[in-house]
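What follows is a short report on a single structure.
What follows is calculated from the coordinates using simple rules that are stated; it is not laboratory data. From a predicted model like this one, the values you see are computed outputs, not experimental measurements.
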């Protein structure tokens with residue numbers, strides 16, 4: 001079996017993350033959403049990439065997270081932020097914690113409604 005983290009790391013080495021980040025800056029929401037989805041799957045892959053290689057994406061996506069309302073996009077971004085527990089201070093310093101708490105409240109409400 002081929003290790004896809006090897007290909008992910010090659011893509012990171014070639015500047016693929018930065019190229020996908022450019023997509024998230026588009027005015028077309030559907031394309032931006034696809035870029036965020038692609039980044040989330042790049043960064044969530046086990047083993048996770050070293051933090052210094054993902055840091056540029058985390059910073060940019062934390063900014064998007066604070067303005068975004070689409071629950072699917074929020075979940076994709078949140079999964080990236082949760083993926084680096086040893087870097088929690090960096091995440092806190094980005095100012096994204098209040099938005100993360102609101103997203104978690106929303107998810108909890110959905111769970112409660114589904115089970116009601």
The distance between the Cα centres of region 43-60 and region 69-96, in whole Å, is 11
Region 1-77, Kirkwood Rh and Cα Rg, ratio Rg/Rh at 0.97
Taking Cα atoms, how many degrees apart are the long axis of helix 4-13 and the longest axis of the chain, rounded to 10 and kept between 0 and 90?
80
Once you keep just the Cα pairs under 8 angstrom separated by 6 or more residues, what percentage relative contact order results for the chain?
22
